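K.L.:
The following block contains the structure, expressed as structure tokens.
Laboratory data are not the source of any read-out in this text; all were calculated from the coordinates shown. Remember, predicted model here, so these are calculated numbers, not experimental data. Virtual Cβ from ideal backbone geometry, glycine too; neighbours counted across all protein chains shown.
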Amino acid sequence: MAAVQQVTVLGSTGSIGTQTLDVLALHPERYRVFALTAGSQWTLLAEQCLRWQPRYAVLADEQAAESLRGHLRAAGSQTEVLAGPQAQCQVAAADAVDTVVAAIVGAAGVRPTLAAVDAGKRILLANKEALVVTGALFMDAVKASGAELIPVDSEHSAIFQCLPIGAQRMQGVSRLLLTASGGPFRTLDADALARVTPEQAVQHPNWCMGPKISVDSATLMNKGLELIEACWLFDVTPAQVEVVVHPQSVLHSMVEYDDGSVLAQLGTPDMRTPIACALAWPERIRSGAERLDFTRLTGLHFEAPDEARFPCLRLAREAMQAGGVATAVLNAANEEAVAAFLDRRLDFNGIPAVVEAVLEQTATPRCPDVEAVMAVDALARDVARTLIGERVGAC
């Protein structure tokens, strides 16, 4: 039997984090939780700590960390509570850790994920923004450290599974085809899109996800970010990645080869499947997901995405083609715009409008290091907040 793996879950209170713990619970003989981290949701993190008894728990917010300390102390827990971004990096890079699940949403996950990379860990990448924001710097760090990078996003996991194992895994590949559900507003016209509410946007028809990624799915920005991620993960150009809308979310992505063969990975729309795949790869373990019943499938539908109604996909592709830190600017602007939409300070169609304006107004040079990239990220956020404020003031 393989040695027990020590796991740090970055973002354990989010959708991917909680589902990761669901999978780990099925295999107590294989995995132990070394550390759990969250932003400010200390009450849920407290429940997780009492269940898993990790060595460390980390909260980004110091006040929330103090609340967690008091709660765990009263419960007799031996878990040590830390606070702040540096503590997240610490538990990601700790010598005792074998596997790091990078599931922090947004650019906040960049530094702890890179800390795990620099420490040469096995990284289960669910935080696509780490690649979107830092791109070549991230991949160069992976090569330099010898870290093992395994995708958790269902689409990239599907592609990963459809490629042969080994150094020549991309040989003979002509195209990668990313599937998109189309989100909850796939059939709405532009006028109707302008009136959708945050409550409607977070109701994804197939997947159980957090609010930010659910809105990204509704705007197709999530697929744009995944296109960028695929380019870096599999060393392909944007022209080699095609997005296909597949509302049933049964076929998760495809790889087309030079001879015309197309390999696809299918399964129920349940993130526990790619999580389990990444945890044990190249072995296979139980995920707890419902099995796909082909006798109940009424059909598999495919269509081209409508980039006129959902311009975020176009903006992401153009940012990747532009190079420099354009994708970091894209991501920063989108995070601010989505937050404003969820706070009812921006309408749905305002999300791509703000992102495009920020891209036009922000320089996107090639940056020598992560600190320089994060400085551009901060600048893009300032520009986005100003534009959002102007749109609010004009209403």
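K.L.:
Running a GNM on the chain with Cα contacts under 10 Å, which residue among Thr219, Thr197, Thr99 ends up with the highest mean-square fluctuation?
P.N.:
Top of the fluctuation ranking is Thr197.
K.L.:
Along each of the three principal axes of the Cα atoms of region 155-313, give the extent in whole Å, ordering the values from largest to smallest.
P.N.:
Here the Cα extents, ordered largest to smallest, are 49, 36, 29 Å.
K.L.:
Same structure again: Would you kindly derive the ³J(HN,Hα) couplings of region 306-314 from the backbone phi angles with the Karplus curve 6.51 cos²θ - 1.76 cosθ + 1.60 (θ = phi - 60°), listing them in order in whole Hz, with x for Gly and Pro?
P.N.:
After applying 6.51 cos²θ - 1.76 cosθ + 1.60, I find 9, 7, 6, 7, 10, x, 4, 5, 4 Hz.
K.L.:
Right, something else. Using R₀ = 25 Å, calculate the FRET efficiency as 1/(1 + (r/R₀)^6) where r is the Cβ-Cβ separation of Gln240 and Ile165; round to 0.05.
P.N.:
0.75
K.L.:
Taking a ≥ b ≥ c as the square roots of the Cα gyration tensor eigenvalues, with a/c under 1.5 meaning rounded and otherwise prolate when a/b beats b/c, else oblate, which class fits region 323-395? Could you put the intermediate results ahead of the total?
P.N.:
Numbers: a/c = 2.42, a/b = 2.27, b/c = 1.07.
Prolate shape, in that a/c is at least 1.5 and a/b is the bigger ratio.
K.L.:
Further question: Given H placed on each backbone N at 1.01 Å, which residues far from Ser174 in sequence or on other chains put an amide H within less than 5 Å of it?
P.N.:
Distant-sequence amide H within range of Ser174: Glu256, Tyr257, Asp258.
K.L.:
Could you list which residues have their amide H under 5 Å from that of Gly324, counting only those 5 or more apart in sequence or on another chain, with H placed in the peptide plane?
P.N.:
For Gly324, whose amide H was placed from the backbone, there are no distant partners under 5 Å.
K.L.:
Between Ala87, Gly120, Gln41, whose Cα lies farthest towards the positive end of the dipole of region 5-151 when Lys and Arg beta carbons carry +1 and Asp and Glu beta carbons carry -1, centred on the Cα centre?
P.N.:
Gly120
K.L.:
Now for a different question. Between Asp22 and Glu66, what length comes free when the chain is fully extended (0.36 nm per residue of separation minus the Cα-Cα distance, one decimal in nm)?
P.N.:
Taking 0.36 nm per residue and subtracting the Cα distance, the gain is 13.2 nm.
K.L.:
Scanning the chain for trypsin sites (Lys or Arg not before Pro) in DSSP loops with at most 10 other Cβ atoms within 10 Å, what's the longest stretch left with none?
P.N.:
1-283
K.L.:
Each residue of region 384-391 in turn: what ³J(HN,Hα) in whole Hz from Karplus with 6.51, -1.76, 1.60 and θ = phi - 60°, glycine and Pro shown as x?
P.N.:
Ordered by residue, 3J(HN,Hα) equals 4, 5, 5, 5, 5, x, 5, 5 Hz.
K.L.:
How large is ³J(HN,Hα) for each residue in region 87-104, as worked out from phi by the Karplus curve 6.51 cos²θ - 1.76 cosθ + 1.60 (θ = phi - 60°), to whole Hz, x for Gly and Pro?
P.N.:
Karplus-based 3J(HN,Hα) across region 87-104 equals 5, 4, 5, 4, 6, 6, 9, 4, 4, 6, 7, 9, 10, 10, 8, 8, 10, 6 Hz.
K.L.:
Taking amide hydrogens as modeled 1.01 Å from N in the peptide plane, which residues meet the under 5 Å criterion relative to Leu346, leaving out close sequence neighbours?
P.N.:
Result for Leu346 returns Phe341.
K.L.:
Still on this structure, please answer the following. Suppose we keep just the DSSP beta bridges with both residues in the chain; what percent of those would be antiparallel, to 5?
P.N.:
The antiparallel fraction comes to roughly 25 percent.
K.L.:
Whole angstrom only: what separates the Cα centroid of region 259-309 from the Cα centroid of region 175-210?
P.N.:
So the two Cα centres are separated by 19 Å.
K.L.:
Report Rg (one decimal) and Dmax (nearest whole number) for the chain, counting Cα atoms only, units Å.
P.N.:
So, for the chain, Rg and Dmax equal 20.5, 65 Å respectively.
K.L.:
OK, next. Give me the dipole magnitude in Debye, nearest 20, for the chain about the Cα centre, with unit charges on the beta carbon: positive for Lys and Arg, negative for Asp and Glu.
P.N.:
In total the dipole reaches around 800 debye.
K.L.:
If you average the C-alpha positions of region 221-245 and of region 357-385 separately, how far apart do those two centres end up, in angstrom?
P.N.:
Computed from Cα coordinates, the inter-centre distance equals 21 Å.
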